[in-house]
Each structure stands twice: as structure tokens, then as C-alpha cells.
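Right, one structure below, let's go through it.
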Amino acid sequence: MITTYPDVSGKYLVGGEWEENNKKADVINPANKSEVVGQVAICSEEIVDKAIEVADSAYKTWSLSDIEDRSSRMNKAADEVANIVEENVSLFVRENGKTLVEAKKDLLRCVEVMRGGAAELLNWWKPEVLPGNQNVQIRRRARGVAAVITPWNSPMILTFKRVIPAVLAGNTVIVKPATNCPLTIMTFLKVVAKHFPPGVINIVTGSGKKIGDALCADSRVRTVAFVGSTETGKDIMKKSAGSLQKVYMELGGNDPAIIVEDAKLDELAIKRLKAGILRASGQVCSAIKRIYVHETRYDEVVEKLTKEFERVVVGDGIQPDVTMGPLNNKAQFEYVNHLIERTSKSGANVKTVGIQLNPETWDQGYYMLPSIVTGVNQQSEIVRVEQFGPVIPILSFSDMDEAIELANDSEFGLRASIWTENEEAAINIADRLEAGAVFHNNHTVFSDLALDFPGLKESGVSRETRHGGLELFADSYGFAD
């Protein structure tokens, strides 16, 4: 049993100083509920106010810094962060529940975001000259203090994709990580923060509502970047309206996958379907949450996906043979279990399959085997909600108009996927889908981390970018002579 805590345990960062707070909460290993991985400080409103004051003061000089200096600092920080990836993979697994493969990939992506942002900054910051008779330039400047509030499901990459561009664009940041798994974020940001002036990067931890309310109500905070539930996002928008803060939010999703009659359902396609559903135990906002299959292929999809799910090995992500770890926390574990119970009682067919790596210790973690649900309709709860767990409903359709109508029948519009051998047909279908991004014969993420696209409807605000998020933390202005 590992008893030592990371050196950031129970601390917060304000103005370059790591302070220890008397009030703390335990960070629990979701694979072993009796193991405390470390502690998280419960910061007061006074600490948050101090962080805002320090960040606002630091902004006045950091925003005027040379962009080549910013880029150089970030590259040096990236080199140092790259050197600590290997030694922190197990920490991330123990506080989050991901598998070793998933965890390492996320940590390496953080380094990629840093290096990519440092390179992009030098090109993106250059003034853009507009054509015409008058000499007009579009120029960019930093906005101010940015609050970055991130979730527990994919905390590393979702934090770095906001903190890094904010700092590179000349802002100062206050990071509020999720209390369930803040330790790896803080360990990495401790390294990053050393390469920048005190007050450029600050970290406060504790109650999401208390800290979020303080950040959103303060006029010194000019940008709020939030990833989390749609309901919390709506609350943040209301609170941010008082000072017209810029909001940048990635919210919920209920992503549809449409499998067309001519789809190639070979081994690769089925593995991609499984990955699109079960990545991070299904706790991904852009995971496949419902599948619509042409009626002529329905039985085939159910059979092949069931067989693929049967091979899933569930257990502690620290074990190399595990292909799916536990859910992250008690609340999510209970929510998904109760959802499945209600679905089963409603008359649906819930088929739970997979392999328990260690049946004798199964109840010690938030473990769930994956489930496939059939015998449901568009109005079934399991189809309407964002399950955020390893369970997938499969429905049939008879014609494409029906499939598109069903796919669009949701308050969400984050991602979607189309599975067909006809690329032209896929594009025509994508043009009619209400989603921020559509994938063809896959359901994944963009390999280029500089790319991101907005969720539609209630899935997000202000997320269209080709520049690694830099423009989301800067204001453009026109200069003419």
C-alpha cells in the first residue's frame, strides 16, 4: 500500500506560493475505496479573493510581455513536464480510474498542447492586414484574468487545453480542478508555474459552487472557461452576466452514431464502435451515447458489439491486462446503476457482459461491467439522458430521414458519427445533423489538438478554433490609419 502523498497534497497556489490549508478532503482511489491517494484543500472565499487580486496584479505586466519570451518559457516548461510523465502515470490512474494506456496518453497530450501552443502563438499573434483602400489591421491583445474550471472525467487534457492558451495569450489564470482528482493536475502545473512570473498561474481547490460563484461574480475575472454539466454551465452564464464575462464552455453530450445499411462492420469497425462507447468507462461527454442502426443490420450490430463487449476486462487500471477501469466516484457509480435498474424494470433488455479481472475484490471499487440495451424507443430514459457510463442503447430505423430526425431529437449537439461506405452520402447526412463535429466510420477525437469545434444547442459555447484556443482568451481590435 502506498502511503506517501504527492507534495501538492492539501495545498493551493497563489502568487507563486504553495500554501497548506487546515480544511481538507480526501482524494479516494476509485479502484480501491479504502485507499486515500492524497488530500485536497478546501479553500475559502477569502483565499479565492486573494487569488483574483494576485492574478489581476500579475496580468498588468504579464500581458505586456514579449510573445517570443512566452513561447520560450512554455517550451522549456514542456521539456520539464515531459520528463515527469512516466513517474506520474500511476498517480493519475489511482485518483482518476483510467487505464494505464488511457492515462499515459492524456499526460503526453498535455505536453503536446504546450509545444503546439508555443509554436502557434508566434504565427497567430501577428497582425492581419485586411484588403481594401484603407490600411486596416486586426490586432490581438490579452483579455485579463481567466478562471479555468475543469471536471473529473478527463481532467488533464481539459485543463491544459485551457490553461496553456490562456497563459500564452498574455492572461493570468486561476485554475479550479475537480476535488475528485486534482493531484496530477497540480503536480504538472507546479512544474509549469515555475517557468512563469508569480501570479500568472494560481490554483484554488474545494467547493465547486463556492469557488465558482466567487469567480463568476468578480468583475476582475474577464474569462470563464468551464467544462462540466449543462445545468452548471447555465448557472455560470447567469452569474457571469453581471459583468459580461466571456464564457467558454464545453458541456454535456448525447452523441448519436448512425449505422447505414451499407456499413462495413468488420473487426476494425466494431472495435472503433466499442472505443467510441467505452473510452474512460463511458465517462466522456463526446462518447457514443445512442446507436441508430438500419433495420437490416440491427441484429448483426447487436451480436457483434455484444461479442466485443464480452472481451472487455474490467478492473484496477493500474493492472496492464485491464481494458476498462472503474467509474470515478460514488455519485456517478450510483447514478448509472440506478439508471440501468430503472431501464431493466421498464421492460428493456439489458445485457451485461465482460470479464471481472478480480472478482474477489470487485466490491472494493466503483466497478461496472459494460451493458448493451435493446427493446427501447426514442422516449426511453436511457436514450434521452447522458448516461456517462459503460452502457449503450441500440435502436433501429427504416429510412435515413427517420434516422436523422431521431439523432437530432435531443437538447444536446456535441458530436455524431456516420458509418457508411459512401463518403458522399456521409457528408450529405452530416450536413443535416445538429452536431459540432461529425466523424465518418469512427467516433473519436481530433488527432490535431489545435482543432476544436463548438457543441451546438446545450452542448457548449464558444469553442470553434484552429489555433489551440488562443483566440478564446484574447480580444481582437481594428487599427486603421
- Query: With labels modelled as points extended 7 Å from the Cα through the Cβ direction, what inter-label distance (nm, one decimal) is found for F479 paired with R141?
  - Reply: 1.0 nm
- Task: Fewest Cβ neighbours within 10 Å first, please rank Y477, Y292 accordingly.
- Result: Y477, Y292
- Length-normalised contact order for the stretch 255-447 - Cα pairs under 8 Å, 6+ apart - percent: 31 percent
- Item | P(r), alpha carbons of the stretch 275-342 - 5 Å bins starting at zero, rounded % | 3, 14, 18, 25, 22, 12, 5, 2, 0
- Note on the structure: Taking Cα atoms only, Rg over Rh for the stretch 72-181 with Rh from the Kirkwood formula is 1.10
- Phi-derived 3J(HN,Hα) across the stretch 398-412 with the Karplus relation (6.51, -1.76, 1.60, θ = phi - 60°), rounded Hz, x for Gly and Pro, is 10, 9, 5, 4, 5, 4, 5, 4, 5, 4, 7, 7, 6, 6, 9
- Item | C-alpha center-to-center spacing [the stretch 339-361, the stretch 243-288] in angstrom | 21 Å
- Item | For V136, residues with placed amide H under 5 Å, excluding near neighbours | L130
- Each label sits 7 Å from Cα toward the beta-carbon; between T61 and Q134 the label points are separated, in nm, by 3.8 nm
- Message: Quick check: from the Cα gyration tensor, does the stretch 255-447 come out rounded (a/c under 1.5), prolate or oblate?
- Response: prolate
- So what J values fall out for the stretch 421-437 if you push phi through Karplus, 6.51 cos²θ - 1.76 cosθ + 1.60 with θ = phi - 60°, rounded to Hz, Gly and Pro as x? 7, 9, 5, 4, 5, 4, 5, 4, 5, 4, 4, 9, 8, 8, 8, x, 7
- Message: For the chain, take the longest principal axis of its alpha carbons; what is the angle in degrees between that and the long axis of helix 67-82, to the nearest 10 within 0 to 90?
- Response: 50 degrees
- Note on the structure: Expected vector for the stretch 282-296, Karplus 3J(HN,Hα) from phi with 6.51, -1.76, 1.60 and θ = phi - 60°, integer Hz, x for Gly and Pro, equals x, 8, 9, 4, 9, 6, 5, 10, 7, 10, 10, 10, 4, 4, 6
- Query: [x] 1.08; [y] 0.99; [z] 1.04: which one is Cα Rg over 2.2 N^0.38 Å as calculated from this entry?
  - Reply: [y]
- Long-range amide H partners of V37 with built H, under 5 Å: V27, I28, N29
- Note on the structure: Using alpha-carbon positions, the gyration tensor of the stretch 382-454 gives root eigenvalues a ≥ b ≥ c; with a/c under 1.5 called rounded, otherwise prolate if a/b exceeds b/c, else oblate, the class is oblate
- Message: With angles folded into 0 to 90 degrees, how steeply does helix 298-310 sit against the dominant principal axis of the chain? Use alpha carbons for both and round to 10.
- Response: 60 degrees
- Rounded to the nearest 5, the percent of antiparallel DSSP beta bridges in the stretch 255-447 equals 15 percent
- Message: Output the 0 to 90 degree angle, nearest 10, between the alpha-carbon long axis of helix 208-217 and the longest principal axis computed from the alpha carbons of the chain.
- Response: 50 degrees
- Looking at this model, which pairs from K11/K239; K50/K105; K23/K234; K190/K457; K190/K246 are more than 32 angstrom apart at the alpha-carbon? K50/K105; K190/K457
- Item | Distant-in-sequence amide H partners of V312 (H built 1.01 Å from N, under 5 Å) | I355
- Remind me, relative contact order of the chain in percent, using alpha carbon pairs under 8 angstrom and six or more residues apart? 19 percent
- Using unit Cβ charges (K, R positive; D, E negative) and no other charged atoms, how large, in debye to the nearest 20, is the dipole of the chain about its Cα centre? 1260 debye
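Values in this text are rule-based calculations from the coordinates and carry no lab data. Bear in mind the structure is a predicted one, so any value in this text is a computation, not a measurement. As a convention, Cβ positions derive from the backbone with ideal geometry for all residues, glycine included, and neighbour counts pool all protein chains shown.
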